[in-house]
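One structure is given below, encoded as C-alpha cells.
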Amino acid sequence: FIMLQCVRRSIGVHLAKQFRPSTTVRSLGTTKSTDGKAGYYEEIDGLKYDRSVLEAARSAVAGVGDGRVSKSDADLICEKLIDGDSITPIEYRTAFLVLRDFKFTDAAKERFIAKLASI
C-alpha cells in the first residue's frame, strides 16, 4: 500500500511538471478528420486525449457487470495506452483521466497503476 502511494505521488509530480500552465502541448493531430470520421484524439474541455484508450475504458464499464473496470479490462486499456516502448504526454493525461472518471476494482486499479509506473 505504501509503495502504491509512492508511485501515485511520483507520477503526480511528473505530471505537475509536465503539464504546468506555461507549457504548451504541440498539436499532433486533429479530433476529426476531413471526411467526418473520428480522429486519433478526442477533445475534452479543450484538452486532447487518446481516443482508443477512452473507448476501451468505456466499453469496459458498459454492458454486463457492475460498471467497474476489472483486472482483464485494465490490461486491455493498458495495451491501448502503451502502444510503444514509451508513453506520450497525451497518453499520460489520458491514463489519469481514466483513473479519475472510471470506477475500478481495487485489484484492477493497483494493476493499472503498477503498469504505468513500470514505464
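The values are calculated or read from the model by the stated rules, or taken from the named source; none is laboratory data. Quantities reported herein were computed from a predicted structural model and do not represent experimental measurements. Cβ placement follows ideal geometry from the backbone for every residue including glycine, while neighbour counts extend to all protein chains displayed. The area values use the complete protein model at the heavy-atom level, side chains included, leaving out ligands, DNA and RNA. Shrake-Rupley method; radii C 1.70, N 1.55, O 1.52, S 1.80 Å.
A quick yes/no check of all residues on (1) within 17 Å of the chain's Cα centre (by Cα); (2) at pLDDT below 95; (3) not aromatic (Phe, Trp, Tyr):
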site	(1), (2), (3)
Arg26	no, yes, yes
Asp35	no, yes, yes
Ile82	yes, yes, yes
Arg93	yes, no, yes
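Quick one: is Ser72 hydroxyl-bearing (Ser, Thr, Tyr), more than 15 Å from Ile119 (Cβ to Cβ) and either open to solvent by less than 80 Å² (accessible area, probe 1.4 Å) or within 14 Å of the chain's Cα centre (by Cα) (or both)? Against the criterion (hydroxyl-bearing (Ser, Thr, Tyr), more than 15 Å from Ile119 (Cβ to Cβ) and either open to solvent by less than 80 Å² (accessible area, probe 1.4 Å) or within 14 Å of the chain's Cα centre (by Cα) (or both)), Ser72 qualifies. Selection within segment 69-101: residues that are in contact (Cβ under 8 Å) with a residue 60 or more places away in the chain and hydrophobic (A, V, I, L, M, F, W, C). The member of this set that is nearest to Ala57 (Cα to Cα) is Phe96. Yes or no: segment 99-110 includes at least one residue that is within 16 Å of the chain's Cα centre (by Cα), at pLDDT below 90 and open to solvent by 50 Å² or more (accessible area, probe 1.4 Å). Scanning segment 99-110, I find no residue that is within 16 Å of the chain's Cα centre (by Cα), at pLDDT below 90 and open to solvent by 50 Å² or more (accessible area, probe 1.4 Å), so the answer is no.
Residues satisfying the criterion are absent from segment 46-57 (criterion: assigned to a loop (DSSP other than H, G, I, E, B) and surrounded by 15 or more Cβ atoms within 10 Å (Cβ to Cβ)).
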